[in-house]
Amino acid sequence: MSRAWAMWTLPSLTLLACSEARDPVDENGDAAHKSVDSGTAVSGLSSCDPFGANPLPIAFGTIIAAGQDSAGVIYAVDHVDEGERVFVSDSSGALVRQRIAGSGTGPDFYVFSVTDHDPAFVLQIDTPAGGPLRMGVVIGTLEDSKTFVIGQQGEELTVLPAEAIAGMPIRNLPGTVVLEYAASLDNGDVLVVARPRDDWSYEDFRLFLGNVGAVTERRVSNVTRMRDGGSTLIDFDLDGQPAQASFPVLFVDGGFAPGPATLTVAGTTTPLTRQDAAPAGAEYLCLS
């Protein structure tokens, strides 16, 4: 069965939505090697774990379809402003939101690939004009196509009315927080940027700067990500002074690579040494 594809998206790629194009590196000549005082803790701070999971409350949007397999497992898809979401029932009877690895839509179908589930699966909804809605699931992944023929591949699901799941408990993604950037300064201080893994925007960036015994959250005022592969500028307040962390991306040998990161405070720029992980044993202070 041939299909005309309208979209196939990988959610991680859609997160690179960009704002204005600006020069990601502030070259400041002689000032580039001066030390930077990362400041001290300010009032309104408390000890915290910025990487602690923070699951958010969730409610159904518009239910697109729900179906049940022969083992009683329910698959459901709803729509919210951000797009479609996939849920699968667990042994407790709750519908648990799944992380979508890839999705496709057309004039008469939806398809979702979910790999962060045991087992992985592909869920498809056919919505033919003038015909009944059908749902099917293939356990595993598709090797040679992005869609499948419901009734011929995998298992066709028994379609349920929206009312059958409207009262079921639902559970959101676990609220995992990930490291966006980590860097160190010549004086031993560290800079850490964290964000939620899922459902995030640049407003969710949290920046911490200080010595490892008190890595202090700083209030972020603006985040700009360029269309050059992801160069990013983060503007924040450092004890009353304007500051900017720059994490450029360079195009090298036909691919993208991290460029030299810098920290600029009140017009003075110093290099940052990028790190692959958040500093071990760091203690964090979060803004209230």
### Matching strands (runs of 3 or more DSSP E) fully within the stretch 1-99 where at least 3 residues are exposed (fewer than 15 other Cβ atoms within 10 Å of the Cβ) and either at pLDDT 95 or above or not assigned by TED's automatic domain parsing to the domain that holds Ala245 (or both)
7-9
### Query
Any idea which of (1) among the hydroxyl-bearing types (Ser, Thr, Tyr); (2) surrounded by 19 or more Cβ atoms within 10 Å (Cβ to Cβ); (3) under 17 Å from the mean Cα position of the chain (by Cα) is the one Ser201 doesn't satisfy?
(2)
### Query
Any idea which of Asp253, Asp237 is surrounded by fewer than 17 Cβ atoms within 10 Å (Cβ to Cβ), over 30 Å from Glu84 (Cβ atoms) and either at pLDDT below 95 or in the same structural domain as Gln98 (by TED's automatic domain parsing) (or both)?
Asp253
#### Entry: Single unsatisfied condition, Gly229 versus (1) in the same structural domain as Thr273 (by TED's automatic domain parsing); (2) surrounded by 15 or more Cβ atoms within 10 Å (Cβ to Cβ); (3) at negative phi
(3)
## Note on the structure
Quick count over the stretch 240-249, residues being free of Cβ contacts under 8 Å to residues at least 40 places away in the same chain and buried (at least 16 other Cβ atoms within 10 Å of the Cβ), is 1
### Summary
Within the stretch 112-160, residues being in contact (Cβ under 8 Å) with a residue 12 or more places away in the chain, in a loop (DSSP other than H, G, I, E, B) and on the phi < 0 side of the Ramachandran plot number 16
### Hey, Ala243 assigned to a strand (DSSP E or B), among the small types (Gly, Ala, Ser) and in contact with a Lys or Arg (Cβ under 8 Å, 6 or more places away or on another chain) or not
yes
## Note on the structure
Matching residues in the stretch 256-271 (in contact (Cβ under 8 Å) with a residue 60 or more places away in the chain, surrounded by fewer than 21 Cβ atoms within 10 Å (Cβ to Cβ), within 14 Å of Tyr181 (Cα to Cα) and not small (Gly, Ala, Ser)) number 1
## Note on the structure
Of the residues in the stretch 150-183, those that are of a type outside the set (D, E, K, R), crowded, with 17+ Cβ neighbours inside 10 Å and within 24 Å of the chain's Cα centre (by Cα) come to Ile170, Leu173, Val177, Tyr181, Ala182, Ala183
## Note on the structure
Per the filter on the stretch 219-239, residues touching a residue at least 60 places away in the same chain (Cβ under 8 Å) and under 20 Å from Leu285 (Cα atoms) are Arg219, Leu238, Asp239
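In the stretch 188-228, what count of residues is obtained for those that are over 24 Å from Glu82 (Cβ atoms) and out of contact with any Asp or Glu (no Cβ under 8 Å at 6 or more places or on another chain)?
Result for the stretch 188-228: 8.
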#### Entry: Complete set of residues in the stretch 137-149 that are of a type outside the set (S, T, N, Q) and either exposed (fewer than 11 other Cβ atoms within 10 Å of the Cβ) or over 14 Å from Asp108 (Cβ atoms) (or both)
Val137, Val138, Ile139, Gly140, Leu142, Glu143, Asp144, Lys146, Phe148
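The values are calculated or read from the model by the stated rules, or taken from the named source; none is laboratory data. The model shown is predicted, which means the values in this text are computed figures rather than measured ones. Reconstructed Cβ throughout: ideal geometry from the backbone, glycine too, with neighbour counts over all protein chains shown.
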